[in-house]
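Values quoted throughout were computed directly from the atomic coordinates according to the rules given, and no laboratory measurement underlies them. Just so it is clear, the structure is predicted and the values come from calculations on it, not from any experiment. Ideal geometry is used to build each Cβ from the backbone, glycine not excepted, and the neighbour counts take in all protein chains shown.
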Amino acid sequence: MYIVAKVGSNWRTFEDLKDSVQMAKTVGADCVKFQLFTHQELYGYAEETAPKWTQSPCMHPDWVPLLAQKAQAAGIGFMCTAFSPRSLELIIPYIAKIKIASNELTHLRLLEKARTLALAHGKEVVLSTGGSSDGDILMACKVLCGLPLRDPVPVGFLPDISLTLLYCVSSYPATWVNLDAIDYLRKEFSIFNVAVGFSDHTTDVLEIPLRALAHNAAYLEKHFTLDRITETDDSDHSLNPDKFKAMIERIRGQWTRPSRYNPTETAMFLMHNRRVVAIQDIEKNESLVEDVNFGVYRSKIEDTQGGLGFQVPKFVGRQVSRKIQCGSGISPFDLL
């Protein structure tokens, strides 16, 4: 499985983009992917007159070769989604694969340019299919393979480009996916000799990507963000480096962490699981009386001191070696 860290809108500065390249390599991704567009390419507005709702950050075209150079030095693949024929022509010398986003699947001129450049440069085309009908996907495949739109695909047709279709749910984050769609796309569009992958917009770290692997997905892309980048258009459905690394380890059979531990359960471990807690201020040398000055309760603060609830008999009647505030955990090491 080819794993792509999709940076998307998770950046504020050029330094963020450069650091994302190195971090994507560090967590084990095969490729890092950016996007190049202008508001005019997307909406038809000139930049100076664009409405506020179109004001997502735009990567400068001059950054593309610099980021590609950074990726080459780091030893990671480089991709960049283009949203116009002109932008695709600009980035073609630098990208490992041509990526067409779901919302560009009906962009005839972009698909035609993608075919021309795929043939000229020997590049694979990766096409996301989120929010598209089978009819739209068929038309896009015909354009990419140089077939007339009105004619049926000839029996025994042999495509002259490599094409990968991505199952994708175009909601952010996606809360429901049907990974049987990977098998469906592979069968339905087999005449184009497609590989099939998954553009994953869920926030799941382990199970959904692993299920995609079980469906023989050849390609997986997932949004990726640096820890310091928050509140972007893509942040709510992106994985930070630790989670992205855990996902890759799981997919590649390198998972070495305890199978039941989940870092999102910290509050349960440190606050909500019952432990030995002072229920009033306890003075040094004071004896412990269950349900009078101590008991087995939840903590209101994150606590690593309180003894386990199973240990309560050893605390009863014992004196403490220090003053303990109400609400604090009482450790076996606090007993005289």
Just rank D334, D134, D62, fewest to most, by other beta-carbon atoms within 10 angstrom.
D62, D134, D334
What residue among Q254, I301, L110 has its Cα farthest toward the positive end of the dipole of the chain, where the charges are +1 on Lys, Arg and -1 on Asp, Glu, each on the Cβ?
Q254
Give me the log10 of I(q) over I(0) for the chain at q = 0.09, 0.10 Å⁻¹, as the Debye formula computes it from C-alpha points; what are the numbers?
-0.59, -0.67
Determine the sum of side-chain charges near G122: Lys and Arg each +1, Asp and Glu each -1, restricted to other residues whose C-beta is under 13 angstrom from that of G122.
+1
Among L335, L239, what is the fewest-to-most ranking by other Cβ atoms within 10 Å?
L335, L239
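Taking other Cβ within 10 Å of each residue's Cβ, how do C326, C168 sort, fewest first? Intermediate values should be presented prior to the final figure.
Working: C326 13, C168 23.
By the 10 Å Cβ count, ascending: C326, C168.
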Regarding the stretch 293-336, what whole-number volume in Å³ per residue does the convex hull of its Cα atoms give?
74 Å³
Among beta bridges assigned by DSSP with both residues in the stretch 2-251, the antiparallel ones amount in percent, to the nearest 5, to 0 percent
Rg/Rg_ref, the stretch 1-151, where Rg_ref = 2.2 N^0.38 Å and atoms are Cα:
1.07
Given K70/K123; K18/K187; K18/K99; K70/K187; K33/K113; K123/K187, the pairs whose alpha carbons are separated by over 29 Å:
K18/K187; K70/K187
Kindly express, to the nearest 10 degrees and within the range 0 to 90, the angle between helix 63-74's C-alpha long axis and the longest C-alpha principal axis of the chain.
60 degrees
Taking the Cα centre of the chain as origin and charging only Cβ (+1 Lys, Arg; -1 Asp, Glu), how large is the dipole, in debye to the nearest 20?
720 debye
Normalised Cα Rg of the stretch 170-329, dividing by 2.2 N^0.38 Å with N its residue count, works out at 1.62
Taking 25 °C and 0.890 mPa s as the conditions, I'd like the Stokes-Einstein D for the stretch 126-217 in µm²/s, using the Kirkwood hydrodynamic radius from alpha carbon pairs.
177 µm²/s
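Would you mind computing Rg(Cα) / (2.2 N^0.38 Å) for the stretch 90-167, counting N as its residues? Walk me through the intermediate numbers first.
Values: Rg = 12.0 Å, N = 78, 2.2 N^0.38 = 11.5 Å.
Relative to the 2.2 N^0.38 Å estimate, the stretch 90-167 comes out at 1.04.
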Using the Karplus curve 6.51 cos²θ - 1.76 cosθ + 1.60 with θ = phi - 60°, work out ³J(HN,Hα) for each residue of the stretch 201-209 in order, rounded to whole Hz, and write x for Gly and Pro.
9, 6, 9, 5, 9, 10, 6, 5, x
